Amino acid sequence: MAVTTPPRAVIGAPHRPYRRGAQNAILGGVCGGLAIRLGVKERTVRIVFALLALAWGLGLLLYIALWLTLARSGEDESIAQRLLGHRRELYRVIIGLLAIVAILFLLRAIGLPSVGAYTWPFLLTLIGVAAVWHGASTDERHHLHELVKSTPLVGVPASRSRGSFWLRVVLGAILVFAGLVVLRQLGNHRVFINGTQSGWAFGSLAPAIIGTLILLAGVVVLLAPWWLATMNDLSGERRERVRVEERARVAAHLHDSVLQTLTLIERAAGDEAAVVRLARNQERELRRWLFDPDAPSEEGGTFAASLRALQSEIENDYGVRVELVTVGDCDASDDVAALVAAGREAVINAARWSGANTIAVYGEVETDSLSLFVRDQGRGFDVEAIPSDRQGIALSIRQRMAQRGGTVVLKSTPSAGTDVQLTLPHH
Amino acid sequence: MGQPRVFLVDDHELIRSGLRSELAGWVDIVGEADEVEAAIEMIQERTPDVVLLDVHMPAGGGLAVLRAVADKCPATRFLALSVSDAAEDVISIIRAGARGYVTKTISMPDLLDAIYRVAAGDAVFSPRLAGFVLDAFSLEGTNLSPGDVDPDLDLLTPRERQVLRLIARGYSYRDIGTELDISTKTVESHVSSVLRKLQLTNRHQLTNWASERNLN
């Protein structure tokens, strides 16, 4: 399970469980994570590990083992688990290990075991690096990429000028040479101590690791800019692909909606009502796509969504503009359905009878009430003398609201407009 | 007061010529610009009373114009005119100093009314903007500690809420006055006070709210 640990160590406050640090990591976050776990300074842990590394490379082995087997903060799998989960990656590691064994046997067979003695730590480390790289999460890979990029001499800024290129080549070559010299010492040392060619002396591990590190640093200095450039090419390619896909998506949408509607408008050029309706529909659709892309579909789900559905329905069927404003929102319920149904009657009423070309609808969700206001500035009527053919609508609004314990306030002034206020208690 | 001196900023020639012909005779159009750089230069040079400002333009849009000019031309007032009524756009341009925000679907008489109102130093709220403000300011108490709240800036008075609610319901200032039994002047001062709170409040929820609303 993914566990997220605090970003930094809090001195004196140990935090379980032990995860590799993500925010306070320099390399793999092993030390940073341990500092968080123990509640001590990051620097203290790092110094202890560095000292341990000098003791027969113990710190380094421990570091790599923890890097591979410990999950990073916020992730559910360790690098080793991830590798074990992916057969292909696992096979690569196994093949790498077998190759090392094969090389060592080969060297021994042709009588050069001392060469093998100083190559195996180097090869093993290479495999470890490859394993980390393949098993790391995208986040961690990004972190490592940034790390290499910001390292002086290796990172991108350093690779610009010709001077720094030569500096890098010379420095890299010196490091590789120095590493080989140290490893050579190890070869002599081993032969000198053991005399025979059997077995690998454990005491020679420290120079082996130090030599390997120097050699590896040399290789990194020499090759990293090339590797980074390849990485950048790849991510540039990925970006370009995303951009092209996005463009295709936009083009497809515009074709299905705007372009179609424009054709329809051209065809309906004589029919003003149809043109207005088409344009308004398209405007609403495009607006939602541009500014409100993740809005829930009109079929409802919430109070605001069912009001939006009502808005489209009325604008389509009656050719009037519905100005909708909502404040707050809540999930659909029987109350919401009843209120919207009553509001729908009021809006249809206004669309049919008022003669106004805009109807304002305002819905508000408060902690203890739901309200819906429908207003037009059309011809209005005398509330006391509602014509019999319109009685039904007023009645059905009142009934719907009364059933749920709500209230209806109906105000209308002849030639000034009508205002219907619907309120329901809400829990 | 004579006709207000109006400056148009919009990158669409079609919109500008439409506004020009419809506003002609009612306001004094002193210039127009179709991009941010030119707008910044010409507004400072001509110091109009009202700038009709398009929100979405290349190179920063209306926001960039407002930020560059607002301090240098204290007498010039800005009315944002946009096709978008996304919360983020509306809230950010008002917070940058615009005195009002209307969408391009507004009717010509309403737009003229808005221009005159802004020229007179009042605020113009579309129903949608009023809804946003009610929504944003109703978050109070959710995670504000009492010490953080400046009642003068962070809270709306009950009266201001009433006024905003009526604007959201499509009432004109005059209708609101009639409904609440107060003068139009008083309605205007309530709206201006809400505008001031909207521009000055520190509540970070406002910006968060606006950007989150666009994601929901």
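Bear in mind these aren't lab numbers, they're just calculated from the coordinates by the rules spelled out. Just so you know, these numbers come straight off a predicted model, no measurement behind them. Heads up, the Cβs are rebuilt from the backbone with ideal geometry, glycines too, and the neighbour counts pull from every protein chain shown.
Using the Cβ-Cβ distance between A:V170 and A:E146 with R0 set to 35 Å, the FRET efficiency from 1/(1 + (r/R0)^6) comes to roughly 0.85. Of the peptides B:122-130, B:109-117, the order by per-residue mean of other Cβ atoms within 10 Å, starting with the highest, comes out as B:122-130, B:109-117.
FRET efficiency for the pair A:A2 and B:T184, taken as 1/(1 + (r/R0)^6) with r the Cβ-Cβ distance and R0 = 51 Å, rounds to 0.30. The long axis of helix B:205-215 is offset from the longest Cα principal axis of chain B by roughly 70 degrees. The label point for A:L223 and the one for A:N357, both projected 7 Å from the Cα toward the Cβ, are 7.3 nm apart. With a simple spin-label model that places each label point 7 Å from the Cα along the Cα-to-Cβ direction, the separation between A:L58 and A:A279 comes to 8.3 nm.
Most tightly packed first, judged by the mean number of other beta-carbon atoms within 10 Å of their residues, the peptides A:143-149, A:71-77 read A:71-77, A:143-149. Computed from the C-beta positions of A:S415 and B:Q44 and an R0 of 60 Å, the FRET efficiency is 0.80 to the nearest 0.05.
For the range B:1-121, the square roots a ≥ b ≥ c of the C-alpha gyration tensor eigenvalues yield an a/c under 1.5, which makes the shape rounded.
Between amide H atoms placed 1.01 Å from N, distances below 5 Å from B:R77 occur with B:V50, B:V51, all of them 5 or more places distant or on a separate chain. Across peptide B:159-170, the average count of Cβ atoms from other chains found within 10 Å of a residue's Cβ is 4. Here the Karplus relation 6.51 cos²θ - 1.76 cosθ + 1.60, evaluated at θ = phi - 60°, turns the backbone of the range B:163-180 into coupling constants of 4, 4, 4, 5, 4, 4, 7, x, 7, 7, 4, 5, 4, 4, x, 4, 4, 9 Hz, with x for every Gly and Pro. For the range A:304-360 versus the range B:47-119, the spacing of their alpha-carbon centroids is 29 Å. Taking amide hydrogens as placed 1.01 Å from N in the peptide plane, the amide H of A:G301 sits under 5 Å from those of A:A332, each at least 5 positions away in sequence or on another chain.
For a paramagnetic label modelled on B:Q162 (point 7 Å from Cα along Cα→Cβ), amide N atoms under 12 Å away belong, within the range B:177-194, to B:177-183, B:187.
Put simply, when A:247-254, A:337-344, B:70-77 are sorted by average Cβ atoms within 10 angstrom per residue, most first, you get A:337-344, B:70-77, A:247-254. Inter-chain Cβ neighbour count for A:357-366, averaged per residue, equals 4 (cutoff 10 Å, partner chain atoms only). Within 10 Å of the Cβ of each residue in A:324-333, the mean number of Cβ atoms contributed by other protein chains is 4.
Per-residue extension of 0.36 nm, minus the Cα-Cα distance of A:V258 and A:I47, leaves a gain of 69.5 nm for this segment.
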